[in-house]
Amino acid sequence: MRTPLEGSPLQAEWPDKPAGAPPKRERLRFFKELPVLVVIAFGLALLMKTFLLQAFWIPSESMEPVLIKGDRVLVNKLAFRFREPRRGEVVVFARETVQEPRGIVRRAIDFLTEGIGAASPGEEDLIKRIVGLPGETVEMTDGIVTVTRTDGSKLTLDEPYIADERDLRPFAPFTVPKGSYFMMGDNRAHSEDSRFSLGPAKRTQMIGKAFVKVWPPKRWDLFDVPAYGVSEAASAVLLVIGGVRLRRRAA
């Protein structure tokens with residue numbers, strides 16, 4: 001027995017004909033949009049490099065063991081726009097030297113590769129730790145750094161981050177000029193820093209604060225700013241907090 005739908009035009013044509021016109025296929029749409037997406041991605045990367053963050057490749061052993069040659073760090077370029085640099089911070093700054101002129105193509109390539117950490121920013125950029133602030137007097141005897149602050153009080157730096165090979169060469173008292181900072185590498189015996197021809201770094205030379213190691217992945221870590229000159233009670237609290245942080249990270 002035939003149903004009412006059997007034999008009707010709808011029932012007869014449905015198996016072989018679509019309900020409507022098929023959609024237009026644009027197989028090349030993705031490839032047409034790809035150049036635009038690439039340009040947008042590079043534009044965002046360049047904006048971040050210029051104003052926010054920059055990847056920095058460690059070119060030497062001067063900051064060992066905290067940073068070893070080949071590590072990559074991210075630098076916060078906004079950190080010192082709203083405050084002054086602080087003692088103990090790891091900072092990237094520009095060397096004050098006369099650079100050879102570079103062509104526009106060379107500058108564009110350097111801008112891209114340096115921004116993503118694919119190349120070293122070159123000899124004009126350095127990474128060190130701030131030891132002395134403007135107006136302070138810095139000296140080193142038997143590997144121990146002593147800072148005379150602007151109020152006349154003395155501060156002997158406890159530096160657990162420096163390399164095991166101590167630099168026992170004495171450094172005579174040096175007063176940091178106004179607007180400048182005394183920079184030292186953690187690997188004191190193998191670091192070109194403010195003790196030598198490099199001299200103190202001016203505030204205007206500061207590029208930004210290194211805040212995280214991002215490469216290689218097994219060495220990922222945040223930078224801790226040492227608390228110099230705190231009381232024993234405060235030191236104990238900091239140790240407890242640091243222990244909790246380490247346990248959480250291990251978990």
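Descriptive notes on the structure:
- Applying 1/(1 + (r/R0)^6) with R0 = 25 Å to the Cβ-Cβ distance of residue 82 and residue 153 gives a FRET efficiency near 0.40.
- Other-chain or far-sequence residues with amide H under 5 Å of residue 215's (modelled H): 72
- With a cut-off of 11 Å between beta carbons, the residues surrounding residue 89 carry a summed charge of +4, where Lys and Arg count +1 and Asp and Glu -1.
- For residue 63, net neighbour charge (Lys/Arg +1, Asp/Glu -1) across residues whose Cβ lies under 12 Å away: -1
Every number in this text was worked out from the coordinates using simple rules, so none of it is lab data. All values derive from a computational prediction rather than experimental measurement. Counting neighbours? That spans all protein chains shown, and the Cβs are built from the backbone with ideal geometry, glycine included.
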